[in-house]
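Here the structure is laid out as structure tokens; the discussion comes afterwards.
The values are calculated or read from the model by the stated rules, or taken from the named source; none is laboratory data. For clarity, every value in this text was computed on a predicted model and none was experimentally measured. Cβ: placed from backbone, ideal geometry, glycine included. Neighbour counts: every protein chain shown. For the accessible areas, the whole protein counts, side chains as well, though only heavy atoms, and no ligand, DNA or RNA atoms are used. Shrake-Rupley method; radii C 1.70, N 1.55, O 1.52, S 1.80 Å.
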Protein chains: 6
Amino acid sequence: MSNVVVQNIERADADVIAGLAEQGVATVHEAQGRKGLLASYMRPIYAGTRLAASAVTISAPPGDNWMLHVAIEQVQDGDILVLAPTSPNEDGYFGDLIATSLKARGGRGLIIDAGVRDTADLKEMQVPVWSKAVFAQGTVKETLGSVNVPVVCAGELVNAGDVIVADDDGVCVVRREEAADVLAKARARTANEGDKRARLAAGELGLDIYDMRGRLAEKGLKYV
Amino acid sequence: MSNVVVQNIERADADVIAGLAEQGVATVHEAQGRKGLLASYMRPIYAGTRLAASAVTISAPPGDNWMLHVAIEQVQDGDILVLAPTSPNEDGYFGDLIATSLKARGGRGLIIDAGVRDTADLKEMQVPVWSKAVFAQGTVKETLGSVNVPVVCAGELVNAGDVIVADDDGVCVVRREEAADVLAKARARTANEGDKRARLAAGELGLDIYDMRGRLAEKGLKYV
Amino acid sequence: MSNVVVQNIERADADVIAGLAEQGVATVHEAQGRKGLLASYMRPIYAGTRLAASAVTISAPPGDNWMLHVAIEQVQDGDILVLAPTSPNEDGYFGDLIATSLKARGGRGLIIDAGVRDTADLKEMQVPVWSKAVFAQGTVKETLGSVNVPVVCAGELVNAGDVIVADDDGVCVVRREEAADVLAKARARTANEGDKRARLAAGELGLDIYDMRGRLAEKGLKYV
Amino acid sequence: MSNVVVQNIERADADVIAGLAEQGVATVHEAQGRKGLLASYMRPIYAGTRLAASAVTISAPPGDNWMLHVAIEQVQDGDILVLAPTSPNEDGYFGDLIATSLKARGGRGLIIDAGVRDTADLKEMQVPVWSKAVFAQGTVKETLGSVNVPVVCAGELVNAGDVIVADDDGVCVVRREEAADVLAKARARTANEGDKRARLAAGELGLDIYDMRGRLAEKGLKYV
Amino acid sequence: MSNVVVQNIERADADVIAGLAEQGVATVHEAQGRKGLLASYMRPIYAGTRLAASAVTISAPPGDNWMLHVAIEQVQDGDILVLAPTSPNEDGYFGDLIATSLKARGGRGLIIDAGVRDTADLKEMQVPVWSKAVFAQGTVKETLGSVNVPVVCAGELVNAGDVIVADDDGVCVVRREEAADVLAKARARTANEGDKRARLAAGELGLDIYDMRGRLAEKGLKYV
Amino acid sequence: MSNVVVQNIERADADVIAGLAEQGVATVHEAQGRKGLLASYMRPIYAGTRLAASAVTISAPPGDNWMLHVAIEQVQDGDILVLAPTSPNEDGYFGDLIATSLKARGGRGLIIDAGVRDTADLKEMQVPVWSKAVFAQGTVKETLGSVNVPVVCAGELVNAGDVIVADDDGVCVVRREEAADVLAKARARTANEGDKRARLAAGELGLDIYDMRGRLAEKGLKYV
């Protein structure tokens, strides 16, 4: 499956995606059993964004951004691009011109296991990017890749149509078919946290709220 | 000394701690003879904080945040948690719930040679953290560690009750018993800098203020 | 050529330098044939600056900032310091006092393949620095280096008087003698982008604007 | 699909696997279209091994090697273990005792995106390991993982039963169902190389053998 | 305690040290409760050495090897040098001349959280070194440090006279006063492993030897 | 100066080059004033080589090894290839086929700030390579670069015809026009070391041979 563009991909329900955005990365990651986190080196180019969107995936040759142009045609409102290079590099595949195009198509941003440039412009345009590097290094348009095939991005498998949740903590991927279930679990988790937060804020200890003292003693913790 | 919680630790004088906070990391580090800096990878999750606080130390197993709950019971107003894992990892030991608890106990923040999550919430709550990584990776509560034992955090030895000074430049540890002396030296240093700053601001050169020209010539510096 | 200070260096035309500042790193890098970028680890200590300035270069021993004082005497209005250590390290060669002196001489900032400290002060003073690390580690004044000799900084050769362009994307060096030509090419490039940006913003695809479909098909791209 | 052990996995044909071992990593990677390479940080603990084997995959919690024991029961003659932790770490999951057990079951070695220990013993026993680190850090047996589920190891997706090819160049994964086809292509490639090698050894240039001069001139290469 | 040389240090019993050498890093680390490992980046310059020796510690300025000469006078037969720089660097503090001197004094080798050079000579001389880097970068002799004070080397606290155990797996430090006890525990551990190794070599599974099946089932492991 | 091949380069005298090979990296680096070392991450793919050779430089696009073929035509007996990519990457530009060609032309090996593959074959062929990575990742032949232009390789400027000295310690570059002078200084240094080595081997201390005690005392070193 190389040098292909998969045109019709399934996406999760828009309400589910919106719900996941509210929950954020840490909660969603816990709710789905502590899986799906991209590597910690994937950092936002500016702070303060929290989003969820459907992945349009790109498998691109190193230092070659041709497939970005191909991918944008496949973007629908509410999608996010996820680019994984076929060999590690930090080149700046994405800048303000492509971002203009992405935004015009309703794209929400970019997850890229490589570099990005024109970051001041992207911040002004409010096109968020999570990347391995900020680097202006230019790319070529010589070699094909693929769009909407499964990719491994920053250590995690991402399929086209999977839900990407991203915020200041990083990036998490949720399988499209599990998205509704994960949202339900995340909401349950959040609901459950309200009471605990209030008790903790009032000075009660986690040791007591979670009833940990007995098990700690049993394991042999000694107070001196 | 494993699996222990040391309950009564000595702390430096509150006025000394407040004084060190005013001086900041770079000055304190110089004043105590250029020692005590944690590794440069320890970065604040948001800019603009300058603090000093007494260390409540945590030696924690990799990917296991149980001891954080134990440690918070030991926190007094004006303390800061210092967590060193027993094996390197980037897991997110600390998030908004534990931060709520820490804040309720008067804790000032966290120094962690691992990861942190819920960073947007922590910024909003103004609970500063200096960490090796921002990473949402969840942790377990299975294995004991220790609280208030000496730990090596990001390359520096930290004892319970030592003073932690932290700002946008990073983190510095001051031995509790040296804190008053270091503060005095830091203040002398700062006092001494005012005049120099004024002269430098007026365009006078360091070469002249510090009388360097002779020694440079003697060492063989050539102007061409 | 060691232990020398070159006193009279040529600089590019001030208008050319100002013009390059407007263009920014990514455009200048492309305009000069995709060369001259310093490594991606060179990051600004605060966001939002875009500048161009003439390089006053410093070759300094590891952990020894003596030559910074020597270099500042050579600084003219519109210059920027470029420090390359002779052995890799992250020590904090530069802080608020030297910054005060640099600013008084009309210096615009610092590019340093090592560390910097007093970053909160530098932000307040608006003295921008692009560095490998933020680290308060103090330095000594024991060993000579050179000023205004060619240096390799973060992987790129920089000659005294070359033009440094720096912004949130990183740092690019332009040869002094090529600066006017590069500016002309950068302006042509920017002029050319306005129309494309408008068309992309209107939803037209890069695939069509750049007429890529034929070549993609020829190379074997398959839509499925 | 968490906390499961998949017991019956399909493997590639033994002759195909043996054939791939002869071809080695670089050739197999090229033959399958330049895909499947694990990250370059995966290095052999001793030089000189070249092998191919069927993957028995392990998804293991950080710093917890319980699943290794579970996995060994699933190993058949000619298999290799592939361990991917669910959070990055360098702990020493594997040493001489487990290696003894693995060898007794016919296992050929280990691919691990973490650490290994007892490396001198493993070399003596001729149990090859490709790992991210050599590190004696002990692990616990507290938390479940899974065996023979798809894992992402050092940036590549590996399914149970996929063929692992490993040598001094690193590690490459071949999909089980593509293995025979990849072997055929690799053999064709190797056959084709014999003649070229002889001509190159005789001093003929690649420029001529591959007929590159025209295209180089066309692209604008200038000899000066 | 800076700029001092502590002349009379206590060492562990020679028989205990010899016993620890036989046990090796992984066993000693386990026997003392999984502590004391230096960071995994500390690698031997050549494979095949296993030793234990008493630490003569050096706190040295970055890029300055003066204190090595001072330290060698303090070396007794069976000691090993442990050098920790006061700021991170990779400079080559140690080469064949100093190694000649060290060997003449009965020193067994060097643990250095920085660089080493003349590695081919050192291998020929059989002077083993565990270091962060191999790097020929020369050092100066300008600034004092200390000898036989506590240092943090590659993340672990080392006191003068502590026992260093080092082999192909890396480096472990054992407190002098705990050395005899750790040796006893290591020997018990090793004795206990013989039977297990035989059973594992005969094909019996760790699952059965360690009686893990019940607890795995209880935790919820599912075979499919 | 892009997309050019410089055909006639000057080389240092063959005797001088042979002399530098005998001296090795550490001595040559010292003899020329502690300059010219490539970064410590440049490691030999196998131990035991010591060589000096004239640089044939290659500026190559990321992941594109076309220029290697062009460069080999420029190789004369006693040359070494030095490849610097225009953007950082680890791709395997060089393998056994190109090595066969290089060897047939009298080339001595390769210095590459990227990756290499077929390392087992290269070791057998005795074609030494110093590289940033061992990585089988294939490259393309699409974009031009240059041959025999100045390049920055692993942090050091290398001109065509400069002398490369490489051994197990790493790689050092000597300017062609300084080579004879550096050799003379290196020989003087080596001659001078024989006596010192004998005295050190006999147990005399560097403190005494180099007469350091007075200056140490003067700087304030205290023995306790």
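Quick check on my filter: what residues within segment E:189-224 are part of a helix (DSSP H, G or I) and either facing another protein chain (nearest Cβ under 8 Å) or touching a residue at least 24 places away in the same chain (Cβ under 8 Å) (or both)?
The answer is E:ARG189, E:THR190, E:GLU193, E:LYS196, E:ARG197, E:LEU200, E:ALA201, E:GLY206, E:LEU207, E:LEU216, E:LYS219.
Take segment F:19-37 and flag every residue that is under 14 Å from the mean Cα position of the chain (by Cα), over 20 Å from C:VAL152 (Cβ atoms) and open to solvent by 10 Å² or more (accessible area, probe 1.4 Å).
Passing the criteria: F:ALA21, F:GLU22, F:GLN23, F:THR27.
Identify the residue in segment C:8-18 that is exposed (fewer than 12 other Cβ atoms within 10 Å of the Cβ) and assigned to a loop (DSSP other than H, G, I, E, B) and, among all such residues, is nearest to the other protein chains (Cβ to nearest Cβ).
C:ASN8
Quick one: count up the residues across segment C:176-218 that are among the polar types (S, T, N, Q) and touching a Lys or Arg at 6+ places or on another chain (Cβ under 8 Å).
So the count comes out to 0.
What single numbered condition from (1) crowded, with 19+ Cβ neighbours inside 10 Å; (2) assigned to a loop (DSSP other than H, G, I, E, B); (3) away from chain E (no Cβ under 14 Å) fails to hold for F:ALA55?
That leaves (2) as the condition not met.
Out of (1) buried (at least 16 other Cβ atoms within 10 Å of the Cβ); (2) away from every other protein chain (no Cβ under 11 Å); (3) free of Cβ contacts under 8 Å to residues at least 24 places away in the same chain, the odd one out for A:ALA184 is which?
(1)
Suppose the filter is in contact (Cβ under 8 Å) with a residue 24 or more places away in the chain, over 24 Å from A:THR139 (Cβ atoms), small (Gly, Ala, Ser) and buried (at least 24 other Cβ atoms within 10 Å of the Cβ); does F:ALA166 pass it?
yes
Determine whether segment C:73-83 contains at least one residue that is of a type in the set (Asp, Glu), touching a strand residue (DSSP E or B) at 6+ places or on another chain (Cβ under 8 Å) and closer than 24 Å to F:GLU156 by Cα.
No - not one qualifying residue is present in segment C:73-83.
Which one of the conditions (1) within 14 Å of chain C (Cβ to nearest Cβ); (2) part of a helix (DSSP H, G or I); (3) in contact (Cβ under 8 Å) with a residue 60 or more places away in the chain does B:GLU22 fail to meet, given that it meets all the rest?
So B:GLU22 meets the others, but not (3).
Condition check ((1) among the polar types (S, T, N, Q); (2) farther than 29 Å from B:ARG213 by Cα; (3) at pLDDT 95 or above; (4) under 10 Å from the mean Cα position of the chain (by Cα)) across all residues:
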residue: C:ASN148; (1), (2), (3), (4): yes, no, yes, no
residue: C:ALA166; (1), (2), (3), (4): no, yes, yes, yes
residue: C:GLY170; (1), (2), (3), (4): no, yes, yes, yes
residue: C:VAL174; (1), (2), (3), (4): no, yes, yes, yes
residue: C:LEU183; (1), (2), (3), (4): no, yes, yes, no
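So that you can scan it fast, the table gives a plain yes or no per residue for (1) closer than 26 Å to D:ALA133 by Cα; (2) hydrophobic (A, V, I, L, M, F, W, C); (3) open to solvent by 10 Å² or more (accessible area, probe 1.4 Å):
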site: E:ALA39; (1), (2), (3): yes, yes, yes
site: E:MET42; (1), (2), (3): yes, yes, no
site: E:THR49; (1), (2), (3): yes, no, yes
site: E:PRO61; (1), (2), (3): no, no, yes
site: E:LEU68; (1), (2), (3): no, yes, no
site: E:ILE80; (1), (2), (3): yes, yes, no
site: E:THR86; (1), (2), (3): yes, no, yes
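Select from segment C:61-105 the residues that are touching a residue at least 60 places away in the same chain (Cβ under 8 Å) and β-branched (Val, Ile, Thr) and write down the one among them that is nearest to B:GLU193 (Cα to Cα).
Top of the filtered list is C:VAL70.
Every residue, every condition in (1) closer than 30 Å to E:GLU218 by Cα; (2) buried (at least 19 other Cβ atoms within 10 Å of the Cβ), yes or no:
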| position | (1), (2) |
| --- | --- |
| D:VAL129 | no, yes |
| D:GLN137 | yes, yes |
| D:SER146 | yes, yes |
| D:ALA179 | no, yes |
| D:ASP195 | no, no |
| D:GLU204 | no, no |
| D:ARG213 | no, no |
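What number goes with the only condition from (1) surrounded by 24 or more Cβ atoms within 10 Å (Cβ to Cβ); (2) aliphatic (A, V, I, L, M); (3) over 24 Å from F:PRO88 (Cβ atoms) that A:MET125 does not pass?
Only one criterion in (1) surrounded by 24 or more Cβ atoms within 10 Å (Cβ to Cβ); (2) aliphatic (A, V, I, L, M); (3) over 24 Å from F:PRO88 (Cβ atoms) is unmet by A:MET125, namely (1).
Mind checking whether some residue in segment F:161-180 is farther than 24 Å from F:PHE94 by Cβ, touching a helix residue (DSSP H, G or I) at 6+ places or on another chain (Cβ under 7 Å) and not in a loop (DSSP other than H, G, I, E, B)?
For segment F:161-180, residues farther than 24 Å from F:PHE94 by Cβ, touching a helix residue (DSSP H, G or I) at 6+ places or on another chain (Cβ under 7 Å) and not in a loop (DSSP other than H, G, I, E, B): present.
For residues in segment A:46-77 being polar (S, T, N, Q) and closer than 15 Å to A:VAL116 by Cβ, which is farthest from the chain's Cα centre (by Cα)?
Once the filter is applied, the top-ranked residue is A:ASN65.
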